[in-house]
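Here's the structure we're looking at; comments come further down.
Rule-based calculations on the coordinates, nothing more; no lab input. All figures in this text were calculated on a predicted structure; none of them were measured in a lab. Neighbour counts run over all protein chains shown; Cβ positions are idealised from the backbone, glycine included.
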Amino acid sequence: MTTLAIRDVIVRYGADSDETVTALDRVSLTIEPGSFVVALGASGCGKTTLLNLMAGFLRPTSGVATFDGRPIEGPSSERGVVFQHGALMPWLNVIDNVAFGLRLKGVPRRDRHQRARGILRLVGLEGMEERRIWQLSGGMRQRVGVARALTADPDVLLMDEPLGALDALTREQMQELILDIWARTKKSVFFITHGIDEAVFMASKLLVMSPRPGRVVASIDLAFGRQFTEGAKAGEVKAQPEFIVTRERVKQLVFSSRQLAEGAL
Ligand SMILES: Nc1ncnc2c1ncn2[C@@H]1O[C@H](COP(=O)(O)OP(=O)(O)OP(=O)(O)O)[C@@H](O)[C@H]1O
Ligand SMILES: [Mg+2]
C-alpha cells in the first residue's frame, strides 16, 4: 500500500504574464493508504489544481508531489481520476466507456468486458451495459465515471466534485455508494466537495481550504464515514450531536477563512 504526499507546494498560473494567480500557497498534505481524504473549500480555492498535481496533469511551481516516495511526473494507472465534469464518451455505450482504459492497454475485448461487468456490478449499474451515456440520469453517469476510474485497479481514487451536479436525494445515495466502494475495495480516496455536510460525513481526514491563495487551514480526523461502513444508518450518523457539533465547527472554519481572505484583498 502506498502513500501520496504533497510537500510545501506552490502553484502559480500565468508566471510569464501580467496576471499571475497563486492557486496554491505552501500546501502540504498526506494521503495514507486506505484513508478517505476530503478537500473542502469555496469555488476557486485551488481544489482542482491540487487534484491535477496528484493526477500528474500539472507540475508544482515549487515543492514536490510524491507517490510511494517517488516524485509524480505524469498520469499513471495507479492514480485513477473521476473528473469534475464527467468526461465520458457519448458515442460509446456504458461498458465501452468503463473498459476504455483497458482497450488502450490492448486488453482483448472479452477480458475487458468481463472486468468492466464486475466493476459495473460494484457501482450498481448491472444491466446498463448497453445503454448510451445520453440515456442515463446524472447519478448513473457519475457511477460510470467512478467505474471507469476503478477498472485500472488504482491504489488511489482522485474524485473532483463527483456529486456536485446531482439532486439532494441522489447525492446522498451516491455518498453512501462511494463509502461502500471505499470500504469494500480498501482504496485510498481523495474527494473534493464544497458541501460541508458531505465532507464531514465522508472524510476520515478533512482538509479545510481557504480561498485565494489556496491553503490548508485545518486538518481534522473524523470517523463518521467509518461508522456508516461498519453498519450504522447514514441518517443515524448525521443525527448524532457529535456530528452536528462538528459540522458547525467546520462551517465556522470555512466562513472565518473566507473572511480572512476577503480582508486581505
Ligand atoms: N490554467 C489556468 N490558468 C490560469 N489560472 C487558472 C488556471 N486554472 C485555474 N486557475 C485559477 O486558479 C484558481 C484555482 O482554480 P481551481 O480550478 O483549482 O479551483 P477549484 O477550487 O477547483 O474551483 P471550483 O470549486 O470552482 O472547481 C482560480 O482562481 C482559477 O481561476
Ligand atoms: Mg474545481
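For the chain, with a Gaussian network of springs between Cα atoms less than 10 Å apart, report the residue from GLN135, GLN84, GLN175 with the top mean-square fluctuation.
GLN135
Please report, in debye to the nearest 20, how large the charge dipole of segment 145-197 is about its Cα centre when each Lys and Arg carries +1 at its beta carbon and each Asp and Glu carries -1 there.
Computed about the Cα centre, the dipole is about 220 debye.
Mean separation of Cα pairs under 8 Å and 6+ residues apart, divided by the residue count of the chain: what relative contact order is that in percent?
After rounding, I find 24 percent.
So what's Rg/Rh here for segment 191-265, counting alpha carbon atoms and using the Kirkwood radius for Rh?
Dividing the radius of gyration by the Kirkwood radius yields 1.03.
Using a simple charge model, +1 on the beta-carbon of Lys and Arg, -1 on the beta-carbon of Asp and Glu, nothing else, what dipole does the chain show about its Cα centre, in debye to the nearest 20?
Computed charge dipole of the chain: roughly 580 debye.
Might you report the magnitude of the Cβ-based charge dipole of segment 88-153 about its Cα centre, with Lys and Arg at +1 and Asp and Glu at -1, to the nearest 20 debye?
In debye, rounded to 20, segment 88-153 gives about 100.
With only alpha-carbon atoms in the gyration tensor, what are the semi-axes of the equivalent ellipsoid for segment 88-153, in Å, largest first?
17, 12, 10
What does the convex hull of the alpha-carbon atoms of the chain project to on average, in nm²?
For the chain, averaging the hull's shadow over all directions gives 14.9 nm².
So how tilted is helix 109-122 from the main axis of the chain? Cα-based, degrees 0 to 90, rounded to 10.
60 degrees
Simple spin-label model, 7 Å along Cα-to-Cβ: ALA223 to SER62 in nm?
4.0 nm
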